[in-house]
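The values are calculated or read from the model by the stated rules, or taken from the named source; none is laboratory data. Just so you know, these numbers come straight off a predicted model, no measurement behind them. Virtual Cβ from ideal backbone geometry, glycine too; neighbours counted across all protein chains shown. The protein model used for the area step is the full one, side chains on, heavy atoms only, and it has no ligands, DNA or RNA in it. Shrake-Rupley method; radii C 1.70, N 1.55, O 1.52, S 1.80 Å.
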Amino acid sequence: MLAPAITFADVQAKAEEAGTTAKRALTRAAVKKSGSGVDVQYSVDDSVNVGQGAAVVIQFGNISDPAGGSARFTADAGLTLVGADELRLPAGQTTTVTVRATPASEGIAYINVFTTQNGMSSATSIPVRVGGATPKLRSAGELQKLPAGDAVISMPAR
């Protein structure tokens with residue numbers, strides 16, 4: 001299996017200053033209370049096909065550390081990113097980057113984004129869905145009724 005290569009396809013742009021915010025809707029990643037505090041938003045092309053690069057727009061904001069922050073990128077096996085693997089995030093600015101993600105197979109693979117500022121780190125996983133199938137959860141237990149009438153799922157121990 002090949003290790004994913006990680007680089008940026010497009011030069012980073014300061015979206016607020018340049019007025020070039022993406023015209024497609026961005027999804028805001030969950031913010032962890034004890035994390036870096038960097039606001040991460042992203043958008044993935046709607047149609048992603050095996051072997052074809054898909055544009056992934058990632059926006060970083062809320063950089064409050066006067067020294068700035070940083071972002072580092074990795075990808076799941078089977079997903080190749082094109083561009084640089086680390087990015088400096090200037091204080092007080094919003095930074096937007098576009099990466100090209102090329103999947104090797106159908107399913108869901110993740111771009112992992114690690115942000116750091118003020119000595120704190122956070123991890124965000126951006127899903128890249130390939131193919132038309134929607135993911136389905138495997139049944140891990142049986143639905144049962146308790147004597148009090150509550151419904152529970154009995155999960156087997158592993």
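Couple of notes before you dig in:
- Within segment 32-45, residues that are under 12 Å from V56 (Cβ atoms) have Cβ atoms under 7 Å from residues that are assigned to a strand (DSSP E or B) and small (G, A, S) in these pairs: V44/A54; D45/A54; D45/A55, counting only partners at least 6 apart in sequence or on another chain.
- Flag if G61 is more than 16 Å from G131 (Cα to Cα), open to solvent by less than 30 Å² (accessible area, probe 1.4 Å) and without any contact (Cβ under 8 Å) to a residue 40 or more places away in the chain: yes
- Any hit, segment 134-157, residues being at pLDDT 90 or above and open to solvent by less than 50 Å² (accessible area, probe 1.4 Å): no
- Of all residues in segment 36-51, those that are surrounded by fewer than 18 Cβ atoms within 10 Å (Cβ to Cβ) and either closer than 26 Å to D65 by Cβ or aromatic (F, W, Y) (or both) total 1.
- The residues of segment 64-86 that are closer than 21 Å to V31 by Cα and in contact (Cβ under 8 Å) with a residue 60 or more places away in the chain, listed by number, are F73, T74, A75.
- Test result for R100, charged (D, E, K, R), open to solvent by 10 Å² or more (accessible area, probe 1.4 Å), over 15 Å from the mean Cα position of the chain (by Cα) and at pLDDT below 95: no
- Being small (G, A, S), at pLDDT below 90 and open to solvent by 70 Å² or more (accessible area, probe 1.4 Å) holds for only one residue in A67, A30, and it is A30.
- Restricting attention to segment 36-53 and to residues that are at pLDDT 90 or above and small (G, A, S), the residue that is nearest to V130 (Cα to Cα) turns out to be S43.
- Filter pass, A123 being open to solvent by 30 Å² or more (accessible area, probe 1.4 Å) and at pLDDT 85 or above: yes
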